[in-house]
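A.B. asks: Structure incoming, see below.
The values are calculated or read from the model by the stated rules, or taken from the named source; none is laboratory data. Because the structure is a prediction, the values reported are computed rather than measured. Here Cβ is always computed from backbone atoms with ideal geometry, including for glycine, and neighbour counts include all displayed protein chains. Side chains are part of the model used for accessible areas, which takes the heavy atoms of the whole protein and leaves out ligands, DNA and RNA. Shrake-Rupley method; radii C 1.70, N 1.55, O 1.52, S 1.80 Å.
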Amino acid sequence: MKKCVGTLLQQPLLKKEGGALMLVDGTFQQKSCQEGNIIALPLEEAFSSYGSLLQCVEKTEAKNGLFLYVPPKVCLEEPLEIEHLVTHNGQFFPKIFVFAGNESRFSILLKASFPQHGSFLYHSSCELHLGDASHVSLSEDFSALSKQNKGAFFDTIHVRQQAGSHFSFFGLSCATGEFRSRLHIELAGAGAEAALKGFFAASRHGKSYLETEVVHSAPSTKSSQYFKEIVSDRALHSFLGKIRITKEGANSEASQINRSLILHDGARAIAKPILEILSDAKASHGATTNYLYGEELFYLMCRGLSEKEAQRLVIQGFCEEMFQGEERKELKKSLFSCFFKPLMANVRNKRLKR
Amino acid sequence: MLKIENLIVTRDNKKLLQNFSLTIGQGQIHAIMGPNGAGKSTLAKAIFGHPAYKIESGQILFDGVDILKKEPSERAAMGLFLGFQAPPEIPSVSLQELLKAFVNCKRKAQNQAEFDEKEFCEFLETKLNAIGLKLPRLLTHHGRDFSGGEKKRFEVIQMALLEPRLALLDEIDSGLDVDSLKEIARSIKKTRNKENSLLLITHYRRLLDEIRPDFVHIMVGGQIVKSGGFELVNIVESTGYEGIA
């Protein structure tokens, strides 16, 4: 955290108990805890104690889940870790509500673990409410999906930002089954900013869908989106990215970039940007889809590199570019161990697309 | 050294080279000139085995060995070098890392020990001094957006480091200002010796004024329509390609 205007907590919540806030099969079962006025509660309990914050939530729809509150001006040095743990087959619909008080600063690392041969439907829904001038960073590491090809994992993020707040997102997934991610960001206060990044790999028969919607409904707001995908085998990745600048969003700026790299003949990537601009604002978008056997590979092979060495260099460069200047080093580590190494083992035996 | 005989090359069923023949001997400098779309870059890519170009018939021999079934990397290992007209950028890999990978690849192919970081830096500095080219900010730069001149310098540096026996330089002069062209031409000349050969592909004479070719070939419509000495450059200058074809 770069700057703290209030209380600095060096001991993050629950670290003393040795781990993350766990949602087991969609339920937050740990006891409620409070540290430096940070509150983590099972959602059911939160309805009775913090009903005013949750008044917009339908109680019957949000039985299982986590309520997290970080008071105004509180800064956390280390990330809050939240982990979804799926232990058996079934359908799970957990919800997470995060309330960031005015001028608070913290980051959240959201992870998931799955049974290797399980068949399940898991839909995680996370709502974040960012108070004035708060800074919240959310990293999602769903690289564990690379070892799970029968389950369906859906991830919905809804963020509502007040004036001067800053939201930063980095998503990572390696789908071999079905993965759907939906990001809905509402820049509701003047000067609010959101920076969204993500790296999505889809392999085998995996289907990966990313849908973003960034709504600028207040003046002088800013958003950026930068997503990359690598699609191999017979997998599919689909990106639908929407930017909406309402009449109230004058002088706002929005950008969206999507880049796909296709490794094999049977793999597919779809990108569909949608811009709806209703006021005087700046907005841009760009989408590219490239096959691995492009000019880069030919160029490297002309310099003496074998096809495999050239592929490694191009894919590694494509992945690493995403992490330049990125503080979230743990995501890069996950990507390389869960995706890059198995992929490079795979290309030894398989001719890539020409 | 290089012998191309009756080469017919297509791309997407369109014939781009028609019965193309060319022989380049050891230590010679050849130049191919021609208008846009004459097939000059196609020739360079076909010699290196670009997968988009299909060889319908003919042969390419390098030192008497048919190279048509060899991978581009194998052709490079034999001593061929292609300087690209528009070199692609490899994101997130610094130029120094690339150069080291290329040089070590060649050393490995020749059963020589690979350079470590220190050895490579010394080797690089020696070579840069020898050809009089410098890459001040570029070597450790990981990004994109190099200028055209910077990319061309980088091609020449690679050529100097890899010491090919035959270098094909595809429009190494395009997009260069007068001073940069002279600097790059000087560096290319410094890589020359009696053993290695050079094929320059260009539209204009200004590169050939700096690096005087032994043979000049005019290429139109996918084949050589005239071969000769430097006098052909003067004819092109006065009559254009139409005057020759």
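A.B. asks: Where does each of A:Glu307, B:Glu97 land when they are ordered by accessible area, with a 1.4 Å probe and the largest first?
C.D. replies: Putting A:Glu307, B:Glu97 in descending order of accessible area: B:Glu97, A:Glu307.
A.B. asks: Also, I was wondering about something else. From largest to smallest, what semi-axes in whole angstrom does chain B give when each is the square root of 5 times an eigenvalue of its alpha carbon gyration tensor?
C.D. replies: 29, 21, 17
A.B. asks: Can you put B:Val178, A:Val214 in order of accessible area, largest first, using a 1.4 Å probe?
C.D. replies: B:Val178, A:Val214
A.B. asks: A further question on this structure: Determine the relative contact order of chain B: mean sequence separation of Cα pairs under 8 Å and six or more apart, normalised by residue count, in whole percent.
C.D. replies: Relative contact order for chain B comes out at 29 percent.
A.B. asks: If we count every other residue with Cβ under 13 angstrom of A:Phe120's Cβ, Lys/Arg +1 and Asp/Glu -1, where does the sum land?
C.D. replies: -1
A.B. asks: Ok, one more. With an 8 Å cut-off on Cα pairs and a minimum separation of 6 or more residues, tell me the relative contact order of chain A in percent.
C.D. replies: Value for chain A: 10 percent.
A.B. asks: Could I ask something else about it? What does the charge add up to near B:Ile244, with Lys and Arg as +1, Asp and Glu as -1, over the other residues with Cβ less than 13 Å from its Cβ?
C.D. replies: Neighbourhood net charge equals -2.
A.B. asks: Dividing the Cα convex hull volume of the protein assembly as shown by residue count, how many Å³ per residue is that?
C.D. replies: In the protein assembly as shown, the Cα hull volume divided by residue count equals 185 Å³.
A.B. asks: Run the accessible area of the protein assembly as shown with a 1.4 Å probe and give the carbon-and-sulfur part as a rounded percent.
C.D. replies: 46 percent
A.B. asks: How big is the A-B contact in terms of buried accessible area, both chains counted, 1.4 Å probe, rounded to the nearest 100 Å²?
C.D. replies: 2200 Å²
A.B. asks: Another question, if that's okay. Assigning unit charges at the beta carbon (Lys, Arg +1; Asp, Glu -1) and nothing else, what dipole magnitude in debye, to the nearest 20, does chain B show about its Cα centre?
C.D. replies: The dipole of chain B has a size of about 220 debye.
A.B. asks: What net charge do the residues around A:Glu253 carry, taking every other residue with its C-beta under 12 Å from that of A:Glu253, with Lys and Arg at +1 and Asp and Glu at -1?
C.D. replies: 0
A.B. asks: How many angstrom lie between the C-alpha centres of segment B:197-229 and segment A:121-199?
C.D. replies: If you average the Cα positions of each part, the centres end up 58 Å apart.
A.B. asks: Okay, next question. Which aspartates and glutamates, on any chain, are close to A:Lys282 with Cα under 13 Å apart, when same-chain ones fewer than 8 places away are left out?
C.D. replies: A:Glu253
A.B. asks: Note down the magnitude of the dipole of segment A:7-292 about its Cα centre, charges +1 on Lys and Arg C-beta and -1 on Asp and Glu C-beta and zero elsewhere, to the nearest 20 debye.
C.D. replies: The calculated dipole for segment A:7-292 is roughly 640 debye.
A.B. asks: Rounded, prolate or oblate: which fits segment A:209-259, taking a ≥ b ≥ c as square roots of the Cα gyration tensor eigenvalues, rounded meaning a/c under 1.5, else prolate when a/b beats b/c?
C.D. replies: Judged from the Cα gyration tensor, segment A:209-259 comes out prolate (a/c at least 1.5, a/b above b/c).
A.B. asks: Starting from the Cα-Cα distance between B:Ile55 and B:Ser227, subtract it from 0.36 nm times their residue separation and give me the gain in nm to one decimal.
C.D. replies: Net length gain for the segment: 59.6 nm.
A.B. asks: Something else: With equal scatterers on the alpha carbons only and no solvent term, can you work out the Debye log10 of I(q)/I(0) for segment B:1-63 at 0.13, 0.14, 0.30 1/Å?
C.D. replies: Log-scaled intensity ratios, in q order: -0.33, -0.38, -1.45.
A.B. asks: Have a look at A:Gly241, A:Val231, A:Gln256 and report the one farthest towards the positive end of the charge dipole of segment A:190-270, computed about the Cα centre with Cβ charges (Lys/Arg +1, Asp/Glu -1).
C.D. replies: Farthest along the dipole direction, towards plus: A:Val231.
A.B. asks: Would you mind checking A:Lys147/A:Lys341; A:Lys228/A:Lys272; B:Lys40/B:Lys190; B:Lys3/B:Lys226 for any pair whose Cα atoms are more than 21 angstrom apart?
C.D. replies: Over 21 Å apart, Cα to Cα: B:Lys40/B:Lys190.
A.B. asks: Averaged per residue, what accessible surface does the protein assembly as shown expose to a 1.4 Å probe, in Å²?
C.D. replies: On a per-residue basis, 43 Å².
A.B. asks: Here's something else I'd like to know. Exactly which GluC sites (Glu not before Pro) in segment B:172-245 are in a DSSP loop and have at most 14 other Cβ atoms within 10 Å?
C.D. replies: Passing sites in segment B:172-245 are B:Glu195.
A.B. asks: Given segment A:7-292, report the % of alpha carbon pairs whose separation exceeds 34 Å.
C.D. replies: The share of Cα pairs beyond 34 Å in segment A:7-292 comes to 20 percent.
A.B. asks: Also, quick follow-up: Give a quick list of trypsin sites (Lys or Arg not before Pro) in segment A:138-186 that DSSP marks as loop, anything other than H, G, I, E or B, with at most 16 other Cβ atoms within 10 Å.
C.D. replies: A:Lys150
A.B. asks: Taking the dipole about the Cα centre of chain B, with the C-beta of Lys and Arg at +1 and of Asp and Glu at -1, give me whichever of B:Ala44, B:Ile24, B:Ala185 is farthest to the positive side.
C.D. replies: Farthest towards the positive pole: B:Ile24.
A.B. asks: Under a point-charge model restricted to the Cβ atoms of Lys and Arg (+1) and Asp and Glu (-1), what is the dipole moment magnitude of segment A:204-266 relative to its Cα centre, in debye to the nearest 20?
C.D. replies: 40 debye
A.B. asks: Turning to a different aspect of this structure: Pick out, from A:Pro273, A:Thr27, A:Leu130, the residue whose Cα sits farthest towards the positive end of the charge dipole of segment A:7-292, with +1 on the Cβ of Lys and Arg and -1 on the Cβ of Asp and Glu.
C.D. replies: A:Pro273
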